[in-house]
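*Asks:* This structure is in structure tokens; I'll ask about it shortly.
The values are calculated or read from the model by the stated rules, or taken from the named source; none is laboratory data. Since this is a predicted model, take the numbers as computed values, not measurements. Please note: Cβ atoms are built from the backbone with ideal geometry, for glycine as well, and neighbour counts cover all protein chains shown. The accessibility values were calculated without ligands, DNA or RNA, using every heavy atom of the protein model including side chains. Shrake-Rupley method; radii C 1.70, N 1.55, O 1.52, S 1.80 Å.
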Amino acid sequence: HTAVVAAMLHDESCGIVSVDGNGLPKVHYELIEADAKSLLRGVKACAEILLAAGAEQVMVPLARPFTAKSTSELLPLLSHHYRPLDPLLTSVHPMGSLPMGRDPRRAVVDEHGRHHQLGGLYVADGSVFPTSIGGPPQLTIYATGRRVAHAAAHDLRHG
């Protein structure tokens, strides 16, 4: 008797991946104020949808879980002060982390998904987009995967 709904955000925030003193990856990502407000509006809308669909209660996974039994009880969500890990963030279709392009100084893979430095490595997912496309990316990812698969098959045949 539980349902989960996620708010997808077309964020403008940037993150950094670095290496710590032990050689382990360290990720830093924090929402800018406009993105944090947009996220909270999306979370509120998700809760409203669940209540409209007949949910008796909704729970929003903030650091201190937030519960509501009616839409009027959701208003405090909009004044929640976002901070890292509150709420926890997730990504369903990460985009833009390995951009595609001809120039190896600006792109990780070429226009066919071939990695610029590592022979035999191809990337065929949303990470090759220059940035988030702001909408469901499935069809674009399918088309990208097909293009990369053709390039990989060609490379295998022609060595």
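*Asks:* May I ask you to list pairs of residues, at least six apart or on different chains, whose Cβ atoms are under 6 Å apart, with the first in the stretch 18-30 being without any contact (Cβ under 8 Å) to a residue 24 or more places away in the chain and the second being in a loop (DSSP other than H, G, I, E, B) and open to solvent by less than 100 Å² (accessible area, probe 1.4 Å)?
*Replies:* Qualifying pairs under 6 Å: LYS26/ASP20.
*Asks:* Further, regarding this structure: Inspect the stretch 6-14 for any residue being of a type outside the set (S, T, N, Q), touching a strand residue (DSSP E or B) at 6+ places or on another chain (Cβ under 9 Å) and surrounded by fewer than 14 Cβ atoms within 10 Å (Cβ to Cβ) and give the result as yes or no.
*Replies:* Looking through the stretch 6-14, at least one residue is of a type outside the set (S, T, N, Q), touching a strand residue (DSSP E or B) at 6+ places or on another chain (Cβ under 9 Å) and surrounded by fewer than 14 Cβ atoms within 10 Å (Cβ to Cβ).
*Asks:* Could I ask something else about it? Taking the condition in contact (Cβ under 8 Å) with a residue 40 or more places away in the chain and not aliphatic (A, V, I, L, M), does ASP110 pass? Write out each step before concluding.
*Replies:* Working: in contact (Cβ under 8 Å) with a residue 40 or more places away in the chain: no; not aliphatic (A, V, I, L, M): yes.
Criteria not met by ASP110.
*Asks:* Continuing with the same structure: Among the residues in the stretch 85-94, are any part of a loop (DSSP other than H, G, I, E, B), open to solvent by 70 Å² or more (accessible area, probe 1.4 Å), out of contact with any Leu (no Cβ under 7 Å at 6 or more places or on another chain) and of a type in the set (Gly, Ala, Ser)? First the steps, then the outcome.
*Replies:* Just the residues of the stretch 85-94 that are part of a loop (DSSP other than H, G, I, E, B), to begin with: 85, 87-94.
Still in the list and also open to solvent by 70 Å² or more (accessible area, probe 1.4 Å): 85, 88-92, 94.
Add one more test, that the residue is out of contact with any Leu (no Cβ under 7 Å at 6 or more places or on another chain), and what stays is 85, 88-92, 94.
After this cut, where a residue has to be of a type in the set (Gly, Ala, Ser) as well, the list is 91.
Yes, there is a match, as at least one residue in the stretch 85-94 is part of a loop (DSSP other than H, G, I, E, B), open to solvent by 70 Å² or more (accessible area, probe 1.4 Å), out of contact with any Leu (no Cβ under 7 Å at 6 or more places or on another chain) and of a type in the set (Gly, Ala, Ser).
*Asks:* Quick check: is even one residue across the stretch 40-47 in a loop (DSSP other than H, G, I, E, B) and surrounded by 10 or more Cβ atoms within 10 Å (Cβ to Cβ)?
*Replies:* Checked against the condition, which is being in a loop (DSSP other than H, G, I, E, B) and surrounded by 10 or more Cβ atoms within 10 Å (Cβ to Cβ), the stretch 40-47 yields no hits at all.
*Asks:* Within the stretch 29-39, track down each residue that is buried (at least 16 other Cβ atoms within 10 Å of the Cβ) and acidic (Asp, Glu).
*Replies:* Correct list: ASP35 only.
*Asks:* Filter the stretch 113-159 for residues that are in a loop (DSSP other than H, G, I, E, B), of a type outside the set (Gly, Ala, Ser) and surrounded by 17 or more Cβ atoms within 10 Å (Cβ to Cβ) and give the result.
*Replies:* Passing the criteria: VAL123, ASP125, PHE129, PRO137.
*Asks:* List the number of the failed condition for LYS26; all other conditions in (1) assigned to a loop (DSSP other than H, G, I, E, B); (2) of a type outside the set (Gly, Ala, Ser); (3) open to solvent by 60 Å² or more (accessible area, probe 1.4 Å) hold.
*Replies:* Among (1) assigned to a loop (DSSP other than H, G, I, E, B); (2) of a type outside the set (Gly, Ala, Ser); (3) open to solvent by 60 Å² or more (accessible area, probe 1.4 Å), the lone unmet condition for LYS26 is (1).
*Asks:* Pairs needed: first member in the stretch 80-94, over 10 Å from ALA63 (Cβ atoms); second member anywhere, open to solvent by 90 Å² or more (accessible area, probe 1.4 Å) and assigned to a loop (DSSP other than H, G, I, E, B); C-beta distance under 7 Å; at least 6 residues apart or different chains.
*Replies:* Qualifying pairs under 7 Å: VAL92/MET8.
*Asks:* Are any residues in the stretch 95-112 farther than 16 Å from ALA149 by Cα, surrounded by fewer than 16 Cβ atoms within 10 Å (Cβ to Cβ) and more than 18 Å from the chain's Cα centre (by Cα), and if so, which ones?
*Replies:* GLY101, ARG102, ASP103, PRO104, ARG105, ARG106
*Asks:* Quick check on this structure: which one of HIS93, HIS150 is over 21 Å from ILE16 (Cβ atoms), out of contact with any His (no Cβ under 6 Å at 6 or more places or on another chain) and not polar (S, T, N, Q)?
*Replies:* HIS150
*Asks:* Restricting attention to the stretch 50-60, does a residue exist that is over 29 Å from ILE141 (Cβ atoms), open to solvent by 80 Å² or more (accessible area, probe 1.4 Å) and modelled with pLDDT under 95?
*Replies:* There is no residue in the stretch 50-60 that is over 29 Å from ILE141 (Cβ atoms), open to solvent by 80 Å² or more (accessible area, probe 1.4 Å) and modelled with pLDDT under 95.
*Asks:* Would you check if there is a residue in the stretch 77-84 being under 20 Å from HIS28 (Cβ atoms), hydroxyl-bearing (Ser, Thr, Tyr), part of a loop (DSSP other than H, G, I, E, B) and touching a Leu at 6+ places or on another chain (Cβ under 7 Å)?
*Replies:* Step one: filter the stretch 77-84 for residues under 20 Å from HIS28 (Cβ atoms), giving 81-84.
Now narrow it down to the ones that are hydroxyl-bearing (Ser, Thr, Tyr): 82.
Pick out the ones that are also part of a loop (DSSP other than H, G, I, E, B) and you get 82.
Restricting the remaining residues to those that are touching a Leu at 6+ places or on another chain (Cβ under 7 Å) gives 82.
Yes, the stretch 77-84 contains a residue that is under 20 Å from HIS28 (Cβ atoms), hydroxyl-bearing (Ser, Thr, Tyr), part of a loop (DSSP other than H, G, I, E, B) and touching a Leu at 6+ places or on another chain (Cβ under 7 Å).
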